[in-house]
Every structure is written in structure tokens, then in C-alpha cells.
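Participant: Handing you this structure, nothing more for now.
The values are calculated or read from the model by the stated rules, or taken from the named source; none is laboratory data. This one's a predicted model, so the numbers in the text were calculated from it and none came from an experiment. Virtual Cβ from ideal backbone geometry, glycine too; neighbours counted across all protein chains shown. Please note that ligands, DNA and RNA were not included when accessible areas were found on the heavy atoms of the full protein model with its side chains. Shrake-Rupley method; radii C 1.70, N 1.55, O 1.52, S 1.80 Å.
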Amino acid sequence: MGERPTPEVRLEARQPTPDWQAFAERFGVIERNVERVVQGKHREIRLALACMVAEGHVLIEDVPGVGKTMLAKAIARSIDCSFRRIQFTPDLLPTDVTGVNVFNQERGDFEFKPGAIFANIVLGDEINRASPKTQSALLECMEERQITVDTETYQLGIPFMVIATQNPIEHEGTYPLPEAQLDRFMMRIGIGYPSGDVEAEILATHGVRSTLPDIGPVADAMSVREMIELARSVHVSPAIRRYIVDLVEATRSHPDVYLGASPRASIMLLRASRAMAAADERDYVIPDDVKALVPPVLAHRVIVTADAVMGGRTPEALLVELMAEVPVPVSGTA
């Protein structure tokens, strides 16, 4: 018998798969659609969309009139998902958020009436104006994506994202968010004032009426769910995971820090890094993905000491210093 031919082994360079290309294209289409309404804020829009794909929640903290609510509305319109807005006020009740059991006289039993939290995108406007009792109604749904009312548990859909806004300047009649609730937000971002040129463009486009009704959906709930599933499969090497842990541990041991970031912060940073890598058409995370996300993911979880505050130290500045001190892995894709 003759010898069998040896099978030919072909080695090919690693190229982005069509799935990752489709992910980045879809992400970019949503991003550009939102930018039609919120102009000149490319980074902030990208962070908010990455948070959505990473199954997180975002807290938008900035002064009035810079587009916080408009950003949330534009994202909701772009993905054609169910959207609810909750205007947080001191007299808002927890049942207004979660829902309540109402007695049905025709059937003779209680019927559950879902609250405003039962939507894909939930905008919590001026969240710090509600009482702590009402704020705590969001804790279970933000962490476990479910609501428990009178011993009955109701699951929330996918995608599910809470976009909360608050004004850091005006404190009269507000209730600061406790650390337990801040820790449930994947990111805290600020919009900031636009540049002079961008503001002139805003006057030209928004001067007569809002451009929000002009944009339509460019994705749907099913496509967003597919993006979420794909982002979960982005490769993170052991070196990158160790780098994330080292960054978070550095916040706990710094002398100017009163409270460091929690293990949940490490998980959130990992998930957000996966989403950003996928948005850049990569199926693996690199150190630059992590470094770009450290301030928005960790700053609201770190509390500096009173002496550091008196010296003008901010969590953001401290995190920049820590990133310069923690060694960056040389090979992050292995």
C-alpha cells in the first residue's frame, strides 16, 4: 500500500471576522445617528453606547442645558426600543418606579401594574431629587435586572439600561446618591460645554426647533441583544485581567484614598473594555482600552480623604497618577 499524502497545513494571519466588522459598523451607525442630535460630543456618546453594549448603567452628571436628557432620548430613538422617562421628585414613590399590585374587582384578585422601570431604556431625570427610599427602588433592578413586588419576582428584558442624570451644582432639595447606588452605575460621564464652533452649529440646527424628531431608529432590540452577546465573547488575556486588578488595588492602598474601588468595579471595567474593543473592530482587549475607561468607570467609586480634598485632589487626577505608576503589560493579546 502506498503512503498516504501528508495533509497540507496552512497558516493564515489573524484577521477581523465579518461578525466583528458588522459589530463595529452597527455601533458606528448608532453613534452617528445620535451625533445628529448631540453635536460635538463624540467621546461621551461612544462611552454611553459602550456602556449599553456592556450591560451597564450610566450616570450623566453635569450642569443644566448641556444635553444630558437629549443624549438619553437620542439613544433610545436610535435603537427603537421601549423607552420610559421618570422625572424624579421628592414626592415620587417607590411603587411609581417598580409597579404595584391593584385589586381587580371583576376577577376578585390582585393584578400587577408594572411601573416605569419596565422598559429597555429608562431615563431617570434628576435622580438626586427623589428621596432615598425611592432611589433604593432602583438597586435590585440595576444589579439583578429584576423587580420583586410582594414576594413576586418579575424579570426585566434585554437590553435594559438606566440612564440617570443629575446636576452637581444645585444642592437645594436634593438627596446625594449613596455609595451603594453609585457603585451600580458602570460609568459616570459629563457632557461639558461645547466649543464655540460647535455651539454655532447647534444654533443653526436647534435654533428653530429640536432635531430629535428628525432621527429615526437605525437598530432594534434584537440587533442590540446580538451586539451584547458578541461583546461577551471578546478575548481578555490573563495579563490584561491582572492589569485591571492592579489598577483597582492601587486605589485601595493609596494614602489619599478613603474608600477604594470594589471588586464590582473590576468587573465593570472588564466588561466596558470588551465593548470598546468590539467597537474598534477587535476581538481582544488591549491596555489602551482599559486606560481610556479608568476615569469614567472608577472615578465615582473612589472617595479621597478630607485632607486630599482640601489640597485640591480629585479622584480623576488621582487615577491619572495611578495609571502612570501601575506597570502596563507588554503583550496584552496573548
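Participant: Helix-only estimate, please: 222 nm mean residue ellipticity of the chain, summing -39500 (n - 2.57) across DSSP H runs of length 4 or more and dividing by its residues, to the nearest 500.
Facilitator: Helix contribution divided over all residues of the chain: -13000 deg cm²/dmol.
Participant: For helix 263-279, what angle does its Cα long axis make with the longest principal axis of the chain, in degrees from 0 to 90 and rounded to 10?
Facilitator: Compared with the principal axis, the helix lies near 60 degrees.
Participant: Then there's this: Whole number in Å², please: accessible area per residue of the chain, 1.4 Å probe, ligands, DNA and RNA not counted.
Facilitator: 50
Participant: Here is a follow-up. Are there any trypsin sites (Lys or Arg not before Pro) in the range 210-270 that are in a DSSP loop and have at most 11 other Cβ atoms within 10 Å? List them by number.
Facilitator: Numbers: sites: ARG225, ARG232, ARG241, ARG242, ARG252, ARG264; in loops: none.
Listed in order of number, the matching sites amount to none.
Participant: Please give the contour-minus-distance gain from ILE228 to ARG107: 0.36 nm per residue of separation, less the Cα-Cα distance, rounded to one decimal in nm.
Facilitator: My answer for the length gained is 39.5 nm.
Participant: With point charges of +1 on the Cβ of Lys and Arg and -1 on the Cβ of Asp and Glu, referenced to the Cα centre of the chain, which listed residue (VAL208, ALA72, MET276) lies farthest in the positive direction of the dipole?
Facilitator: MET276
Participant: By how many nm would the segment from ALA22 to TYR193 grow when fully extended, if each residue of separation counts as 0.36 nm and the alpha-carbon distance is taken off?
Facilitator: 58.3 nm
Participant: Show the residues, 5+ positions off or on another chain, whose built amide H is closer than 5 Å to the amide H of SER131.
Facilitator: Distant-sequence amide H within range of SER131: LEU92.
Participant: Let me ask you something else. In a Debye calculation with equal point scatterers on the alpha-carbon sites of the chain and no solvent, what is log10 I(q)/I(0) at q = 0.07, 0.08, 0.15 Å⁻¹?
Facilitator: Log10 I(q)/I(0), no solvent term: -0.33, -0.43, -1.35.
Participant: Give the Kirkwood hydrodynamic radius (Å, one decimal) of the range 69-156, defined as one over the mean of 1/r across all pairs of different Cα atoms.
Facilitator: Hydrodynamic radius (Kirkwood, Cα pairs) of the range 69-156 is 14.0 Å.
Participant: For the range 234-297 and the range 56-135, what is the separation of their C-alpha centers, rounded to whole Å?
Facilitator: The range 234-297 and the range 56-135 have Cα centres separated by 29 Å.
Participant: From the Cα trace of the range 209-303, what convex hull volume per residue do you get, rounded to a whole Å³?
Facilitator: 139
Participant: What are the principal axis extents of the Cα atoms in the range 71-113, in Å, biggest first?
Facilitator: Projected onto its principal axes, the Cα set of the range 71-113 covers 44, 28, 11 Å.
Participant: Continuing with the same structure: For the range 267-334, what size does the Cα cloud have along each of its three principal axes, sorted from largest down, in whole Å?
Facilitator: Here the spans come out as 43, 22, 17 Å, largest first.
Participant: Pull up all non-local amide H partners of TYR258: gap of 5 or more, or a different chain, and H-to-H distance under 5 Å with H placed in the peptide plane.
Facilitator: ILE303, VAL304, THR305
Participant: A follow-up question, please. Out of ILE158, ILE202, ILE286, any idea which swings most in a Gaussian network model of the chain, alpha carbons joined below 10 Å?
Facilitator: Top of the fluctuation ranking is ILE202.
Participant: Here is a further query. With the full set of protein chains in place, find how many percent of the accessible area of the range 180-238 is carbon and sulfur; take the probe as 1.4 Å.
Facilitator: Reported share for carbon and sulfur atoms: 58 percent.
Participant: I would also like to ask the following. Which percent, nearest 5, of DSSP beta bridges in the range 102-218 are antiparallel?
Facilitator: Percentage antiparallel, nearest 5: 65.
Participant: Can you give me the three principal axis dimensions of the range 242-288 from its C-alpha atoms, in Å, biggest first?
Facilitator: 39, 16, 15
Participant: On the protein heavy atoms, probe 1.4 angstrom, tell me the percent of accessible surface of the range 23-87 carried by carbon and sulfur.
Facilitator: 44
Participant: Taking the chain as a Gaussian network, Cα atoms linked when under 10 Å apart, which of LYS68, LYS41, LYS133 shows the biggest mean-square fluctuation?
Facilitator: LYS133
Participant: Counting other C-beta atoms within 10 Å, and keeping those with at most 13, which DSSP coil GluC sites (Glu not before Pro) do you find in the range 101-170? If you can, show how the numbers build up before the last one.
Facilitator: Working: sites: GLU106, GLU111, GLU126, GLU140, GLU143, GLU144, GLU152, GLU170; in loops: GLU106, GLU126, GLU170.
The qualifying sites are GLU106, GLU170.
Participant: When the accessible area of the range 100-177 is split by element with a 1.4 Å probe, what percent falls to carbon and sulfur?
Facilitator: Heavy-atom surface of the range 100-177 belonging to carbon and sulfur, 1.4 Å probe: 51 percent.
Participant: Right, here's the next one. Starting from 0.36 nm per residue, how many nanometres of slack lie between SER237 and VAL309 once their C-alpha separation is accounted for? Before the final figure, lay out each step's value.
Facilitator: Numbers: separation 72, 0.36 × 72 = 25.92 nm, distance 3.63 nm.
Stretched fully, the SER237-VAL309 segment lengthens by 22.3 nm.
Participant: If you don't mind, another one. Can you run phi through the Karplus equation (6.51, -1.76, 1.60; θ = phi - 60°) for the range 322-327 and list ³J(HN,Hα) in whole Hz, with x for Gly and Pro?
Facilitator: Working through the residues one at a time gives 5, 5, 6, 8, 6, x Hz.
Participant: Say we join alpha carbon atoms closer than 10 Å with springs in a Gaussian network model of the chain; which of THR153, THR251, THR174 then has the biggest fluctuation?
Facilitator: Looking only at THR153, THR251, THR174, the biggest GNM fluctuation is shown by THR153.
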